[in-house]
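Read through the structure below, which is laid out as structure tokens, and then see the notes.
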Amino acid sequence: MPQRILVTGYGIISSIGNTVQECYQSMISGVPGIGRICNIDTVLRDELIVGEVKRTLPELLDMAGIEPEEGYSRNTVLGIIASSEAFHHARLHENRQLSTGLISATTVGGMDRCELFYNDFLTNETRNAYIDSYDCADSTERIASRLDLTDFITTISTACSSAANAILLGARLIRSGKLDRVLAGGCESLTKFHLNGFNALKILDQKPCRPFDKNRAGINLGEGSAYLVLESEESQKITGNKPICELKGWGNACEAFHQTASSPDGVGAYLAMKKALELSGLKAADIDYINAHGTGTDNNDISEGKAIETLFGNRIPMVSSTKQFTGHTTSAAGSIEAILSILCLEHQVIWPNLNFSEKIDELNFLPVTRLITGEPVRAVMSNSFGFGGNDTSLIFTKI
Amino acid sequence: MNFIDGIGMISPQQTLVPGRFPDDVVEYTADFLKCIEPVYKTYIDPIPLRRMSRLIRMGISSARMCLADAGIAMPDAIITGTGLGSVEDTEKILSDISKEEKFLNPTPFIQSTYNTISSQIAIHLKCHNYNTTYVHRTFSFESGLIDGMLQLSEGSSTRVLVGGIDEMTLNHLNITRRIGLWKRQPVNNLQLLNSKTPGALAGEGAAFFLISADRSDHSYARLRNVSTLIDIRGSYRRDQAIRNFLLQNQLQPEDIDLLIVGISGDAVFDPVYHQFASDFFPNTPLAWYKHLCGEYHTSTGFALYTAAQILKSQECPEILLLNHKVPSRLKNILIYNQFRNINHSFLLVSSTD
């Protein structure tokens, strides 16, 4: 029997709440976090709506208990807040004899500071404290330093599937016996850099996003951070942590189709879900709910929908996207949505796919449009797909 | 068992010809060492090539060189590491939006995403297999190797393509010079150790390796182990880590025939390597490589290329040697690299027999 991977802790900050409990309350009450841009000085602020964490950087630093010293990016502080919640939940400061890794994911890194100070970087010495915070590793190393997690650390960037791949690597390192416990997830703050980048690609909706709707018109970007604590069963016996659920399967595949578009039949999505299912040992019919990548772009939702139809045939599980609540939190989406999926197992609910009115012509199934309670939820699948066709699927099951 | 079965290396040296370490060394006096680039249309179709920035071109070309060298068409996994991704594309966007936020050209944005190289390779090969990208400073390439070896040990793959790619630009050099990473003046790469000043000589490179579970008649070497260690608090955990690393691989310090270290001409951090060598490997021949490729986050790609060539040819070029000790046997090579005495990595490479 391969080593079971147990989830024993989690932490999250997003536009719908600063803790797991707050996010759960927003989800169960059906309150999305999408709104006007408050923390970024951009010409797009009157055009776009986003899922922004409703705190300024100084407020976030204060929340994290960090002295307002220089060099912290918004991304790093979001990462510290969410990772600390997960760290304390699973009491990673105890049992230090267990080997504990930190695998974090980001793509924008410290770009929020870098884009503000770029001219200073080029012309003077005033912002030198922020030069180091530009790259992706900086947030990971600052988290590692604060939490004293140094047995294994690395950073992953596969665009919008980054955090899912961090969780996947964590599981593999535990299963291979290289680590006992892993804190895995991702952080991503909104930046002018990627707001403009996505805008240039013409895939942002100016209205609340409408995943799986016939009239969907693109993404609402979001920000946030989330981390899971994964433990081997042996480690969990030592820590005595109560398992929240089991990470039962994971799959990574590549579309190999186009840098920013998904293939019409969703071959990457199909292969990622199929690999995860095979590894989990479950049958397609065992999956009760799919938390879809569901960005609300014309392209993703058809492609993902087709892949789901190919894999699940005429027994399609309940499907919804939760990006109408959080916005598309890009590199953090994989871990934020993993936690939202895990909450379905814990509370026996299924999240509604908000803003839906009309079925996509090309698809034969409807997303779940209201909060479902009273149905058994034993196994959930969380999908995360990225630019470049980096597709990853995770399966969590009830203990 | 992990055998290096193919190599593609683009570097500031004449490394484009596979199969052997270059006979002649290219000498530079420069702010940073720039890669000698191949004729890209040999590797990339002209239409997509036009829109590709330099790092993406180097990445795809070195990956294709590597696959051609190994004689395989389709790897079971594509894994890349890059400390900084496409700096050129990122700078284009930063420079645009810092002036005025207007409709951008989306191409630099797409290419600035770190996973562009691994996914572009997949698109070129139509490879749907495992695909990921590591972006952790000097652990980027090492993390890729660790993942690749894990793929092989899981049995899900038998041949994985792992690469490390980074570029330097003048803007980025000037910015990061402010925090002491680089020399203030142009230096001669072959006189690097005479400079005795703080900061390294910057460089760049693209290195891909095909790592196979099975040995073939053209295998270069065996990649036995890779380990990374972060020492944020200066707690000297590295010393314990190297002892454990040798122990894990059932080796004594005397079993290491050649120690390749990341000495970069930086007067502040080079003593870290000298201390390491004298503490643990006082009698071992010592070699370096950053005078040939410069310092960059994935420079251990060049070091692994060097070690693989040495083990295959059973010759150690004199230009690499530092301490006048000539290796009497070439079976086990240890590579040790560090960044700011915080990020330490060890790579153990052995001959195939």
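The values are calculated or read from the model by the stated rules, or taken from the named source; none is laboratory data. Predicted model, so just to flag it, every value in this text is computed and none were measured. Every residue, glycine as well, gets a Cβ built from its backbone with ideal geometry; the counts of neighbours run over all protein chains shown.
Only one entry in A:Leu195, A:Leu282, A:Leu277 is in a loop (DSSP other than H, G, I, E, B), hydrophobic (A, V, I, L, M, F, W, C) and surrounded by fewer than 24 Cβ atoms within 10 Å (Cβ to Cβ), namely A:Leu282. Scanning region A:141-165 for residues that are within 7 Å of chain B (Cβ to nearest Cβ) and assigned to a loop (DSSP other than H, G, I, E, B), we see that the one that is surrounded by the fewest Cβ atoms within 10 Å (Cβ to Cβ) is A:Thr150. Where helices (runs of 4 or more DSSP H) fall wholly inside region B:245-353, the ranges with 3 or more residues that are more than 26 Å from B:Leu84 (Cα to Cα) are B:270-280, B:300-313. The listed residues are A:Glu115, A:Glu59, and the only one of them that is in the same structural domain as A:Ala226 (by TED's automatic domain parsing), part of a helix (DSSP H, G or I), in contact (Cβ under 8 Å) with a residue 60 or more places away in the chain and over 23 Å from B:Ser143 (Cβ atoms) turns out to be A:Glu115. Scanning region B:36-76 for residues that are buried (at least 16 other Cβ atoms within 10 Å of the Cβ) and closer than 19 Å to B:Tyr114 by Cβ yields B:Met52, B:Ser53, B:Arg54, B:Leu55, B:Ile56, B:Arg57, B:Met58, B:Gly59, B:Ile60, B:Ser61, B:Ser62, B:Ala63.
All of A:Asp213, A:Asp180 fail the test of being more than 25 Å from A:Val20 (Cβ to Cβ) and more than 12 Å from chain B (Cβ to nearest Cβ), apart from A:Asp213.
Of everything listed in (1) at pLDDT below 95; (2) closer than 21 Å to B:Ala202 by Cα, the single unmet condition for B:Gln13 is (1). Scanning region B:37-76 for residues that are within 21 Å of B:Phe302 (Cα to Cα) and among the hydrophobic types (A, V, I, L, M, F, W, C) gives B:Val39, B:Leu55, B:Ile56, B:Met58, B:Ile60, B:Ala63, B:Met65, B:Cys66, B:Leu67, B:Ala68, B:Ala70.
Among the residues of region A:244-293, write down those that are within 18 Å of the chain's Cα centre (by Cα), within 14 Å of chain B (Cβ to nearest Cβ) and small (Gly, Ala, Ser). Once the filter is applied, which keeps residues that are within 18 Å of the chain's Cα centre (by Cα), within 14 Å of chain B (Cβ to nearest Cβ) and small (Gly, Ala, Ser), region A:244-293 yields A:Gly249, A:Gly251, A:Ala253, A:Ala269, A:Ala272, A:Ala276.
Per-residue answers, yes or no, for (1) hydroxyl-bearing (Ser, Thr, Tyr); (2) within 14 Å of another protein chain (Cβ to nearest Cβ):
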site: B:Asp166; (1), (2): no, yes
site: B:Asn171; (1), (2): no, yes
site: B:Asn174; (1), (2): no, yes
site: B:Arg178; (1), (2): no, yes
site: B:Lys196; (1), (2): no, no
site: B:Leu229; (1), (2): no, yes
site: B:Tyr236; (1), (2): yes, yes
site: B:Leu246; (1), (2): no, no
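Candidates are the residues of region A:131-140 that are modelled with pLDDT of 95 or more and more than 7 Å from every other protein chain (Cβ to nearest Cβ); the one that is farthest from the chain's Cα centre (by Cα) is A:Asp138. Taken over region A:340-357, the criterion of being of a type outside the set (A, V, I, L, M, F, W, C) and within 18 Å of A:Asn383 (Cβ to Cβ) is satisfied by A:Ser341, A:Pro352, A:Asn353. Of all the numbered requirements in (1) under 16 Å from B:Ser11 (Cβ atoms); (2) within 9 Å of another protein chain (Cβ to nearest Cβ); (3) surrounded by fewer than 18 Cβ atoms within 10 Å (Cβ to Cβ), B:Phe103 misses one, and that requirement is (1). For region B:240-272, a tally of residues being touching a residue at least 40 places away in the same chain (Cβ under 8 Å) and surrounded by fewer than 13 Cβ atoms within 10 Å (Cβ to Cβ) returns 0. For A:Ser393, the conditions (1) surrounded by fewer than 24 Cβ atoms within 10 Å (Cβ to Cβ); (2) touching a Lys or Arg at 6+ places or on another chain (Cβ under 9 Å); (3) of a type outside the set (A, V, I, L, M, F, W, C); (4) closer than 27 Å to A:Ser225 by Cα are fulfilled apart from (1).
Quick one: is B:His172 touching a residue at least 40 places away in the same chain (Cβ under 8 Å) and assigned to a helix (DSSP H, G or I)? Yes. Contact map, region B:59-77: first residue under 17 Å from B:Ala213 (Cα atoms), second residue surrounded by fewer than 24 Cβ atoms within 10 Å (Cβ to Cβ) and β-branched (Val, Ile, Thr), Cβ cut-off under 8 Å, separation 6 or more or different chains; pairs are B:Asp76/B:Thr158.
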